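The values are calculated or read from the model by the stated rules, or taken from the named source; none is laboratory data. Predicted, not measured: the structure shown is a model, and the values here were computed from it. So basically every Cβ, Gly included, is an ideal-geometry build from the backbone, and we count neighbours across all protein chains shown. What goes into the accessible areas is simple: the full protein's heavy atoms, side chains included, and nothing from ligands, DNA or RNA. Shrake-Rupley method; radii C 1.70, N 1.55, O 1.52, S 1.80 Å.
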Amino acid sequence: MSQEVRGIIAKAKGEPVSMETIVIPDPGPGEAVVAIQACGVCHTDLHYREGGINDEFPFLLGHEAAGLVESVGEGVTNVVPGDYVILNWRAVCGNCRACKRSEAQYCFDTHNAKQKMTLTDGTELSPALGIGAFCEKTLVHSLQCTKVNPAAPPEAAGLLGCGVMAGLGAAINTGQVTRGQSVAVFGCGGVGDAAIAGAQLAGASKIIAVDIDDTKLDWAKSFGATHVCNSKNTDPVEYIRSVTGGNGADVCIEAIGHPVVYKQCFEARDLAGTVVLVGVPNPEMTIELPFIEIFGRGGSLKSSWYGDCLPERDFPMLIDLYLQGRLDLDGFVSEKIGLGDVEEAFHKMERGEVLRSVVMIENQ
């Protein structure tokens with residue numbers, strides 16, 4: 001029996017979002033219905049609203065979420081009703097060429113629910129990143145549900161579903177930061193600050209935060225930055241060299257997605273250093289780099305998609321670190337809001353006023 005719930009929809013490019021009645025079908029084979037408790041407002045949701053991902057409107061927004069499994073379909077064995085889960089958008093298939101060569105973090109055939117959620121008039125919805133969690137309940141593939149310790153509150157746990165995992169993973173998984181290394185992070189929003197937290201967890205000796213906003217640089221210090229640089233006033237490349245013995249940083253992480261910033265990362269890294277791109281570029285953007293410098297500097301230029309994470313491995317581990325007091329997920333939560341406040345949360349994000357607004361749904 002399908003059920004009707006409230007959810008937040010982006011109907012057309014650039015239009016304000018609206019709250020609508022969503023029809024959730026019973027879970028089919030391999031699927032699960034999850035009662036959402038909390039969902040972070042991620043910049044990717046704004047990209048969907050602005051048509052920056054694709055034009056498959058209307059979108060059911062929200063994807064950075066935690067909640068309780070309500071029901072499961074035929075053949076589901078990884079979760080049961082009542083399980084506390086973080087939703088993920090990298091439910092690996094186990095059979096593609098990436099999975100078969102033990103690189104499941106690059107899975108080329110990830111799972112989503114096959115059935116569609118709809119409006120009451122039958123209009124099919126496109127769930128953001130295959131999840132659609134600005135909603136009281138949502139339908140996902142069961143492998144998009146990762147069980148974690150229920151002692152972690154949903155407003156903190158859900159953040160691992162996207163932005164915080166992307167930043168942590170950019171440092172730990174993609175950048176492979178090790179003890180004693182120097183790390184520079186360009187862009188100190190939610191993803192960049194998570195990269196800073198990841199570098200600290202990995203034992204980096206110097207963590208240099210770069211941004212054009214002093215408030216964001218203050219946030220960066222709270223997550224472990226040892227040095228800060230306002231690139232509006234100071235050349236970040238020269239500053240990074242000045243605090244690394246003239247060498248540059250071992251790992252430079254670009255959390256903006258802008259060619260100018262990426263070039264600064266490239267120039268600020270040490271010989272044989274690593275550049276990690278985790279910021280999402282606009283599809284029209286291009287970049288030009290001196291070819292001889294790519295050769296002469298050596299090292300690696302990497303892209304990090306979802307922090308190269310494996311949810312089943314990484315989510316429970318990071319929740320354990322949170323519960324041990326070693327990972328400050330609470331620090332990312334700027335405010336708790338209701339479903340009706342999502343549009344204003346987008347504006348706060350655009351103005352740089354918040355790290356994360358988190359929609360709380362369990363008591364509504």
For this session: Among what's in segment 164-202 and is outside any helix (DSSP H, G or I), among the small types (G, A, S) and out of contact with any Cys (no Cβ under 9 Å at 6 or more places or on another chain), pick the residue that is most open to solvent (accessible area, probe 1.4 Å).
Result: G180
Problem set entry | First in segment 71-96 and in contact (Cβ under 8 Å) with a residue 24 or more places away in the chain and within 11 Å of A32 (Cβ to Cβ), second anywhere and surrounded by fewer than 16 Cβ atoms within 10 Å (Cβ to Cβ) and among the aliphatic types (A, V, I, L, M), Cβ under 9 Å, 6 or more apart | V72/V80
Seminar exercise, completed: Restricted to segment 19-77 and to residues being within 26 Å of V164 (Cα to Cα) and polar (S, T, N, Q), the residue most open to solvent (accessible area, probe 1.4 Å) is N54
Exercise. Somewhere in segment 293-305, is a residue in contact (Cβ under 8 Å) with a residue 60 or more places away in the chain, in contact with a strand residue (DSSP E or B) (Cβ under 6 Å, 6 or more places away or on another chain) and open to solvent by less than 40 Å² (accessible area, probe 1.4 Å)?
Worked result: yes
For this session: Could you list all residues from segment 210-226 that are open to solvent by 50 Å² or more (accessible area, probe 1.4 Å), closer than 17 Å to V183 by Cβ and not in a helix (DSSP H, G or I)?
Result: T226
Exercise. Taking segment 308-352 as the search range and keeping residues that are modelled with pLDDT under 95 and in a loop (DSSP other than H, G, I, E, B), which one is most open to solvent (accessible area, probe 1.4 Å)?
Worked result: R351
Exercise. With (1) closer than 29 Å to A152 by Cα; (2) open to solvent by 30 Å² or more (accessible area, probe 1.4 Å) as the list, and A104 as the residue in question, which single condition is left unmet?
Worked result: (2)
Problem set entry | Residues of segment 1-18 that turn out to be open to solvent by 10 Å² or more (accessible area, probe 1.4 Å) and either closer than 28 Å to A255 by Cα or at pLDDT below 95 (or both), as a count | 8
Exercise. If only one of I53, I22, I9 is over 19 Å from V85 (Cβ atoms), β-branched (V, I, T) and touching a Gly at 6+ places or on another chain (Cβ under 8 Å), which one is it?
Worked result: I22
